[in-house]
Amino acid sequence: MAAQVDHAALFAATPSPYLVLGPDLVIVDVNRAYLKATGRTREDLVGQHIFQAFPDNPGDPNADGVRNLGVSLHRVLATRRPDTMALQKYDIPVAHRPGVFEERWWSPVNTPVLGPDGQVAWIIHRVEDLTGYVKARQAVRPAEVRTDTDADVTESLEAELYARARELQLLNEELRQAHTREREVAVTLQEAMLHAPDLAHHRDIAVRYLPAIGSLNVCGDWYDVVDIPPDRLALAVGDVIGHGLKAAAVMGMLRSALSAAIRALERPAQALEVLGLYARSIDGALGTTAAKVIVDQRSLLITYSNAGHPPPVLVHAGGRIELLDQATDPPLATRPQHVPRPQASAQYKPGDTLVLYTDGLIERRDEDIDTGLNRLTGVLAKYSHLGAEPLADTVLARLGVASGGRDDVALIVVRL
């Protein structure tokens, strides 16, 4: 039988100095090694913002500890990944001597701890105090064992080592800024390709788009919302195989083609047939899945067709679930010859909810996709009373992808 581990005692006894910060960068815990390294008490630190407890040394015009540590901590919050900093000079106030700072050198590592929602719940700030080492290397050796040449070489190497560390830190910061700019361009591109002007007319429709974690925020999933006057609404979701800019480019072409087709044709199956023919001429479109739905708000009829995509879900009053899985066909461009696609219909009542999504919402590598589908329908049944916006957020949270997952996710929730 495994022994019970007292993690609080382990944290307190860990020989390396540790701080625990909340997402607001307020200190929530500290171990004995950190208190010893900084000459503080728990009462001095817990509840303090880290930069109130440890400001820059006002007597050092080159002090940049607050800026560098702040950049690292906010990077951890944004990426949810550990960040190792270069050797850092960060003087600290001397306890009980207001305005007096002590020269200190640190090697910091900042590590996120994620909560159940996938967001950063805490940051573990670990430091190694290298002040003694740095000062020992800076110290002049006794004259009887030292030559002027030794001293010159030692000082030159130390200066070069520190300069190279600072250059590396600045270079890393430039690369991160370049990546940020590249990501902003990708986000702008994706938003332009996913623009659905008719969506603004519907407060009862919520859409969500979450690229896979680690991507540039571009992917091959899409959603679309189109008004067909006088009283019909066309909805679509799709998924191009792959990630990144190439998949996004294919997605943009297919989404535009399907959006145009449904405006000219009356039946979802016909629109998918046109899209399938078009997909044959596009490199990278093979195997794309899509679901197309038309909601007739006058006859209260949902008409749909599906090209290899997970089935839309109709949630009736009281939480009864109906899978729209009676018109499923192979993905786009997989048949050698054109074959008419199937189409089916389902009645709904005002107050029902329609949900379309891509497989990143339900698919997990270590389980059958039906398990994920059952998880989704269970959440929809339990929270069917919620409006479109809160239901969309609840679905993402309960399925563990509120902050993104291993695959892209597109989601449409419609309160009918």
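The values are calculated or read from the model by the stated rules, or taken from the named source; none is laboratory data. Note that the coordinates shown come from a computational prediction; the quantities given were computed from them, not determined experimentally. Reconstructed Cβ throughout: ideal geometry from the backbone, glycine too, with neighbour counts over all protein chains shown. To get the accessible areas, we keep the full protein, side chains included, count just its heavy atoms, and leave off ligands, DNA and RNA. Shrake-Rupley method; radii C 1.70, N 1.55, O 1.52, S 1.80 Å.
In region 45-60, the residues that are among the hydrophobic types (A, V, I, L, M, F, W, C) form Cβ pairs under 8 Å with partners that are outside any helix (DSSP H, G or I) and surrounded by fewer than 17 Cβ atoms within 10 Å (Cβ to Cβ), at six or more places apart or across chains, as follows: VAL46/VAL28; ILE50/VAL26. Within region 347-370, the set of residues being closer than 16 Å to ARG415 by Cβ and either among the polar types (S, T, N, Q) or surrounded by 18 or more Cβ atoms within 10 Å (Cβ to Cβ) (or both) comprises TYR348, ASP352, THR353, LEU354, VAL355, LEU356, TYR357. A residue that is open to solvent by less than 40 Å² (accessible area, probe 1.4 Å) and either hydroxyl-bearing (Ser, Thr, Tyr) or not in a loop (DSSP other than H, G, I, E, B) (or both) can be found somewhere in region 324-337. Among the conditions (1) modelled with pLDDT under 90; (2) part of a loop (DSSP other than H, G, I, E, B), the only one that ASN57 does not satisfy is (1). Can you work out which of the residues in region 186-206 that are of a type in the set (A, V, I, L, M, F, W, C) and open to solvent by 30 Å² or more (accessible area, probe 1.4 Å) is modelled with the lowest pLDDT? Looking at the filtered set, the residue picked out is VAL187. Remark: pairs (first residue in region 95-108, touching a residue at least 24 places away in the same chain (Cβ under 8 Å); second residue open to solvent by 50 Å² or more (accessible area, probe 1.4 Å) and among the β-branched types (Val, Ile, Thr); Cβ separation under 9 Å; 6+ apart in sequence or on different chains) = ALA95/THR41; PRO108/THR84. Here ALA13, ALA53 are screened, and the one residue that is within 30 Å of GLU173 (Cα to Cα) and of a type outside the set (Ser, Thr, Tyr) is ALA53. As a summary of the residue check, ASN110 satisfies the conditions (1) more than 22 Å from the chain's Cα centre (by Cα); (2) open to solvent by less than 30 Å² (accessible area, probe 1.4 Å) except for the one numbered (1). Pairing each residue of region 360-378 that is without any contact (Cβ under 8 Å) to a residue 12 or more places away in the chain with any residue that is in a loop (DSSP other than H, G, I, E, B) and open to solvent by 90 Å² or more (accessible area, probe 1.4 Å), provided the two are 6+ apart or on different chains, yields no C-beta distance under 6 Å.
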